[in-house]
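Derivation of every value follows stated rules applied to the coordinates shown; laboratory data play no part. Values in this document were obtained by computation on a predicted structure and should not be read as measured data. Glycine also receives a Cβ, built like all others from the backbone with ideal geometry; neighbour counts cover every protein chain displayed.
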Amino acid sequence: MNIIDGKQIAQNLRASIKLKVDTLDRKPGLAVILVGNDPASAAYVRNKDNACKEVGFYSEKINKPVNTTQAELLSEIERLNNSDKIDGILVQLPLPKHLDTNSVIEAISPKKDVDGFHSENIGKLMQNKPFLRPCTPKGVMTMLEATGVDLVGKNCVVVGASNIVGRPMACELLNAQATVTICNSKTKNLSTKLKQADIVVVAVGIAKMIQGDWIKPGAIVIDVGINRLDNGRLVGDVDFEFVKRVVGWITPVPGGVGPMTIATLLENTLTAYEAKI
Ligand code: NDP
């Protein structure tokens, strides 16, 4: 069994971004907007801001009060769309309920959409002509690359079909010429499907849902899930202690996909910067 060390791969990626940034006169700029004061979202925004500083990016952290109106938020996005200093714009999700998330995402210029959620960027990914790709699935692709395993023709099962992880993940694997099955909460006989998979990616949000005897011996298992147990411990969607006994490769939680998501956000900001000059 091999561990895919997301922390290390992310550190290598950040180091290579920093090397590039050190050679640039104008620094790539990332703006992160947080609406409200949800502690988990605030922590994510702080981590993103720190990561920017570490690689030498220009960064703007914009905190808006919880009662910010849709018009105020759209006008902030418009200012950032027109700012020469800013190459990437990210609005931290989830937004307070009175705001329309979809129109906020669509208001971000697709050229600065470093989360890769704008319909234009999702469309490009679907057409296998990607530009800015959703960070978590792209980070998973970097981790799969690090295993050295050829993805062409492999049977992949993606569990979870959200717009931010499962769907773009399935698309990434298809673009890599794998054969992809995508599962959701209505899928029948999930364990039978998983047993056939060479590569499993799980993004559901149910602690330790995936059991050891559901996995084909030697498979690669990528655990995107982040769940906090009552005792405060963070665990993934995979029952790691049991699943690790059968796999070829597995990602831990924490220290797996999480750090890759932030490093990939920096990578996307550099891509947006390079496309602009
Ligand atoms: P969502 O809640 O948006 O989507 C969950 C998906 O899982 C849905 O498609 C749902 O199906 C499916 N699902 C629910 N129950 C089952 C089941 N029993 N069997 C199969 N599929 C099921 O979650 P997200 O995609 O946003 O996040 C998933 C997890 O990944 C969370 O734990 C989240 O914290 C984590 N995450 C981690 C990131 C990281 O950087 N490591 C980044 C983003 C998310 P249906 O469509 O039918 O409802």
> log₁₀ I(q)/I(0) of the chain at q = 0.11, 0.14, 0.16 Å⁻¹, via Debye over equal Cα point scatterers, no solvent, to two decimals?
Replying inline: -0.63, -1.01, -1.27
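Take Phe242, Phe131 and order them by how many other Cβ atoms sit within 10 Å, fewest up front. Walk me through the numbers before you get to the answer.
Values: Phe242 15, Phe131 18.
Fewest to most other Cβ atoms nearby, the residues stand as Phe242, Phe131.
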>> Considering the Cα positions of the range 135-258, please state its Rg to one decimal place and its Dmax as a whole number of Å.
In response: 13.1, 41
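Compute the signed sum of charges (Lys and Arg +1, Asp and Glu -1) over the other residues within less than 12 Å, Cβ to Cβ, of Phe240. Working shown, then result.
Working: positive: Lys208, Arg233, Lys244, Arg245; negative: Asp223, Asp237, Asp239, Glu241.
My count for the surroundings of Phe240 gives 0.
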> Going by average Cβ neighbours within 10 Å, how do the peptides 194-200, 18-24 rank, with the highest at the top?
Replying inline: 194-200, 18-24
>> For a quick check: sort Thr192, Thr269 by the number of other beta carbons within 10 angstrom, fewest at the front.
In response: Thr192, Thr269
> If amide H atoms are built 1.01 Å from N in the plane of the peptide, which residues on other chains or at least 5 residues away come under 5 Å of the amide H of Val91?
Replying inline: Ile33
> If you look at just the Cα atoms of the range 135-178, how large are its Rg and its Dmax in Å?
Replying inline: 9.9, 27
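Within the set of other residues whose C-beta is less than 9 Å from the C-beta of Lys216, count the net charge using Lys and Arg as +1 and Asp and Glu as -1.
Numbers: positive: Lys195; negative: Asp198.
Summing Lys/Arg as +1 and Asp/Glu as -1 gives 0.
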